[in-house]
Protein chains: 2
Amino acid sequence: MARLAGVSTTTVSRVVNGRYGVSASTIAQVRSAIERLGYESSLVASSLRRRKTDVLGLVTHSFQSYTAEVLKGVMDALRQSGLDLIIYADSDLYGTYAEGWEQRHLSRLAGTLTDGCIVVTPSGEIRSSTPVVAIDPATDSTVPSVTAANFEGATAVVEHLIELGHRRIGFIAGRSELVASRSREEGYLQALARAGIPADPALIAKGDFHPGSAAPLARALLERPDRPTAIFAANDDMALTTLEVAKDLGLSVPGDLSVAGFDDIPEAALAEPALTTVDQSVYRLGYEAARMLKALVRGEWDGPHQIVLPARLVVRRSTAPPRAAM
Amino acid sequence: MARLAGVSTTTVSRVVNGRYGVSASTIAQVRSAIERLGYESSLVASSLRRRKTDVLGLVTHSFQSYTAEVLKGVMDALRQSGLDLIIYADSDLYGTYAEGWEQRHLSRLAGTLTDGCIVVTPSGEIRSSTPVVAIDPATDSTVPSVTAANFEGATAVVEHLIELGHRRIGFIAGRSELVASRSREEGYLQALARAGIPADPALIAKGDFHPGSAAPLARALLERPDRPTAIFAANDDMALTTLEVAKDLGLSVPGDLSVAGFDDIPEAALAEPALTTVDQSVYRLGYEAARMLKALVRGEWDGPHQIVLPARLVVRRSTAPPRAAM
DNA sequence: CTGAAAGCGCTTACAG
DNA sequence: CTGAAAGCGCTTACAG
């Protein structure tokens, strides 16, 4: 240890943490030893002793484009704040994400490592001894959370399709334990209902937000004799997959099929054709969650505990009137 | 603690860790208490006591598309391995990334939290008490590392431009402390030299890989009276920025200007026009680094300590013969 | 101004 | 089969 170089560990600790009451010469001595050994105090040990680390945690179970956007927002909100970020991701040892991953990771970190945590799309209720903010929480969750106006966004995109003249509109849903997913489905149903179009259960497919889950579903929808003239996927990853499936099947978009997504990830604007979607600003979801957690940790938060960010319809080239109606 | 529910902490620990020599009835008792309290052993405390955590670390100083791809590769390599991942990112408290961030983060984690670490684009030499693998290391680094064939890739892309007929080819460099960056510049110079084209220092701009850094540089290059007919940016993020700057200036790509990048991030293929670039498979960089670290940690690695992955020229629509030569 | 001691939450020999 | 004690690397009262 650095203590061999200088004197007691107490003193080293004082120097490292800039406490008062150490003679200038001792400080210099310790500093040089630290320099020489490249010593850095262990995050683990100090976090165990103090009850505070100035480190925030984020737990997630995958790294998709969505996650990357969330992270950018989180990091920007934390910039220069003096709070670092630790992201915990597991190796999925037991396959298909054993239920309760978020709770397990959270408990391991919240022990003493982090002062608070952001949980990305948790699938159930959560408890923790330190503050938690959920991004796109589970349906029955009561923890502080940040979500987009999923219901309104979905309604808007489906109304857009209806206005174009579509009547048979397929829907590829996301993970049903998330409010985000449920709200989008309700928005879809609501828009149909308002337009007096009966919902056809055969046109509703159950995906899980991962691009891979959408391929067989989109294919099944599109190979039906009475295939839909438009498909609304509950997120962009699945919508982009639908675009590819349509291409494989020789269907032109938006000529033969209109496709719309949700999220507005960067790839959406760059797709061919560019994807009509709902901008829920995933970046802002991350940004606001981090801002809220930061204040919560400092005991300074006085806003609402459930934040809903506006969602905005973004019309691009992947949607157009159906052939029949042209 | 859970111990209030059952009996001694020793016994609880034995149950949690599945050690032998606990009566079935005690196990049941402790299990139920654990269940009731939602107890999870603290990662911090147990890591301090054992010297092993089955957690790997990754330190980075930003989240760009590049980082997201690296992470996907790392997670795939770790899938089902029983090794979790902790990513540490700092809030850049002192601005513009105080030199030595990688060493500081590493020391804090390597204390006892992680069994080994991946460091993304470190800017200097690194030392650690646990195994380390660098992705795109600093120029003078000797730690185990994974890099792409940067020199060959850059040579190939510049030769491609020369074959198209370009003679004035601009270059936007990356962070000069990284081998990746230096090698790409050398590849650029080499290709020019081989073709007997004198390098013009005025056409070489110093970027830092971030998209923002490239905007003023690209603009300066393109506003020169003797502007280049092609620009090769040291990574895709900067090449995509160059595409936008060209658009702003009313220059058509590839009509008025050819643009090429390096990396082949997902956005490259989706850009308008699609970007000619070098596929260095950032995903594989992450994948191989994780595979190597995993073996190193287990003491099973017997391959070379410096891995170079092949790079491949990907010609898309952003490069074409210059107008004059058409 | 400096150090010895206690304790953060665990795990691991060591006794019983 | 079970528990008291020591110790992982720190920090923080408490003495000197």
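In µm²/s, what is D for chain A at 4 °C and 1.567 mPa s, where D = kT/(6 pi eta Rh) by Stokes-Einstein and Rh is the Kirkwood radius from Cα pairs?
Stokes-Einstein gives a translational diffusion coefficient of 59 µm²/s.
If I take R0 = 22 Å and measure r between the Cβ atoms of residue B:142 and residue A:37 in this structure, what FRET efficiency does the formula 1/(1 + (r/R0)^6) give, to the nearest 0.05?
0.70
How large are Rg and Dmax for region B:2-41 when only the alpha carbon atoms are used, in Å?
Gyration radius and largest Cα-Cα distance of region B:2-41: 8.8, 24 Å.
Taking every residue in B:79-89, how many Cβ atoms of other protein chains lie within 10 Å of its Cβ, on average?
So the per-residue partner count for this stretch is 6.
Once the piece of chain linking residue B:8 and residue B:306 is laid out straight, how much longer is it, given 0.36 nm per residue of separation minus the C-alpha distance between them? Show your work: numbers first, answer last.
Values: separation 298, 0.36 × 298 = 107.28 nm, distance 4.94 nm.
Fully extending the segment from residue B:8 to residue B:306 adds 102.3 nm.
Ranked from highest to lowest mean number of other Cβ atoms within 10 Å per residue, what is the order of the peptides B:183-189, B:269-275?
Highest-to-lowest ranking by the protection proxy: B:183-189, B:269-275.
When Cβ neighbours within 10 Å are restricted to other protein chains, what is their mean count per residue of peptide A:105-115?
Values: counts 3, 2, 6, 9, 5, 4, 7, 4, 7, 1, 0.
Neighbouring Cβ atoms belonging to other protein chains average 4 per residue here.
Let me confirm one metric for peptide B:41-50, namely the mean number of other chain beta-carbon atoms within 10 Å of its residues' beta-carbons. Walk me through the numbers before you get to the answer.
Details: counts 3, 10, 10, 15, 7, 3, 6, 5, 0, 0.
Across B:41-50, the average partner-chain Cβ count within 10 Å equals 6.
Rounded to the nearest 5, what % of DSSP beta bridges with both residues in chain B are antiparallel?
In chain B, approximately 10 percent of DSSP beta bridges are antiparallel ones.
Would you calculate a helix-derived [θ] at 222 nm for chain A, using -39,500 (n - 2.57) for each DSSP H run of n ≥ 4 and dividing by the full residue count, to the nearest 500? All intermediate terms of the calculation are to be shown ahead of the outcome.
On the way: 12 runs with 134 residues, N = 326.
Computed ellipticity for chain A at 222 nm equals -12500 deg cm²/dmol.
Quick check on my link table: of B:72/B:206; B:206/B:247; A:52/A:294, which ones sit more than 23 Å apart, alpha carbon to alpha carbon? Let's see the in-between values first.
Numbers: B:72/B:206 29 Å; B:206/B:247 21 Å; A:52/A:294 13 Å.
Violating the 23 Å limit, Cα to Cα: B:72/B:206.
Inter-copy label distances at residue B:22, 7 Å along the Cα→beta-carbon direction, one decimal in nm, shortest first?
For residue B:22, the inter-copy label distances come out at 4.1 nm.
For the Cα atoms of chain A, what angle does the longest principal axis make with the long axis of helix A:179-194, in degrees from 0 to 90, nearest 10?
Compared with the principal axis, the helix lies near 20 degrees.
Could you compute Rg(Cα) / (2.2 N^0.38 Å) for region A:171-326, with N its residue count? Show your work: numbers first, answer last.
Working: Rg = 17.2 Å, N = 156, 2.2 N^0.38 = 15.0 Å.
In units of the 2.2 N^0.38 Å rule of thumb, it is 1.15.
Assuming 0.36 nm per residue, please report the length gained on full extension of the stretch residue B:176 to residue B:202 beyond their Cα-Cα distance.
Fully extending the segment from residue B:176 to residue B:202 adds 7.6 nm.
Under the classification rounded if a/c is under 1.5, otherwise prolate if a/b is larger than b/c and oblate if not, where does region A:44-85 fall, given a ≥ b ≥ c as square roots of the Cα gyration tensor eigenvalues?
Details: a/c = 4.81, a/b = 1.75, b/c = 2.74.
Note, shape of region A:44-85 comes out oblate.
Can you compute the modelled spin-label distance between residue B:17 and residue B:256, with each label point 7 Å from Cα toward Cβ, in nm?
Distance between label points: 6.9 nm.
Provide the FRET efficiency to the nearest 0.05 for the residue A:45-residue B:127 pair, computing r from the beta carbons and using R0 = 22 Å.
Approximately 0.65, to the nearest 0.05.
How far apart, in nm, are two points set 7 Å out from the Cα along the Cα-to-Cβ line at residue B:27 and at residue A:244?
In this crude spin-label approximation the distance works out to 4.5 nm.
Between helix A:282-297 and chain A, what is the angle of the helix's C-alpha long axis to the longest principal axis, kept within 0 to 90° and rounded to the nearest 10?
Once rounded, one gets 40 degrees.
Would you please calculate the Kirkwood hydrodynamic radius of the protein assembly as shown over all C-alpha pairs and express it in Å, rounded to one decimal?
27.0 Å is the Kirkwood radius here.
Ranking request for peptides B:73-79, B:8-14, A:283-289: highest mean number of other beta-carbon atoms within 10 Å first, then the rest in descending order.
Going from most to least packed, we get A:283-289, B:73-79, B:8-14.
Roughly what % antiparallel, to the nearest 5, for the DSSP beta bridges in region A:190-315?
Details: 3 of 8 bridges.
If I count the DSSP bridges inside region A:190-315, around 40 percent turn out antiparallel.
About the Cα centre of the protein assembly as shown, what is the dipole size in debye to 20, counting +1 per Lys and Arg Cβ and -1 per Asp and Glu Cβ, all else neutral?
Dipole of the protein assembly as shown, to the nearest 20 debye: 1920 debye.
Since every read-out is calculated from the coordinates, none of them should be taken as a lab result. Quick caveat, the model's predicted, so the values are computed rather than measured. Reconstructed Cβ throughout: ideal geometry from the backbone, glycine too, with neighbour counts over all protein chains shown.
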